[in-house]
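Take this structure, written in structure tokens, and hold onto it; I'll ask about it next.
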Amino acid sequence: MSLTGQGPVEYIRMVKIRHAAMLIDTGQYSIKEVSHMIGIHDTKYFSQRFKEVMGMLPSEYKKQHQG
């Protein structure tokens, strides 16, 4: 916790969400597919955690980052 200021669970969640953002950036996967790929099978929970880390819902992120 002293290196990141986060507990292990929060740190791993942050890493997973950032990876999810990279997967969304590819444009190859739906949000549901991405959430499953990172091991979160509840899409609502994924959206809540995504917003905590990225500051917006996955759907908003996808709209902003599509070419």
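Every number here is computed from the coordinates shown, using simple stated rules; none is lab data. Bear in mind the structure is a predicted one, so any value in this text is a computation, not a measurement. Virtual Cβ from ideal backbone geometry, glycine too; neighbours counted across all protein chains shown.
Within the chain, which DSSP H helices have Cα atoms that stretch 24 Å or more along the helix axis and a mean Kyte-Doolittle hydropathy of at least 0.0? If you can, show how the numbers build up before the last one.
Values: long enough: 8-26 (28 Å, 0.34).
Flagged H segments are 8-26.
Provide Val15, Val34 in ascending order of the number of other Cβ atoms located within 10 Å of each residue's Cβ, fewest first.
Details: Val15 12, Val34 24.
By the 10 Å Cβ count, ascending: Val15, Val34.
Dipole magnitude of the chain about its Cα centre, charges +1 at Lys/Arg Cβ and -1 at Asp/Glu Cβ only, in debye to the nearest 20?
Its charge dipole is roughly 60 debye.
Can you pull the one-decimal nm distance between simple spin-label points at Lys32 and Glu60, each 7 Å off the Cα toward Cβ?
That separation, rounded to one decimal, is 2.3 nm.
What is the count of Lys pairs in region 8-65 whose alpha carbons sit under 14 Å apart, if the two are 8 or more places apart or on different chains?
4
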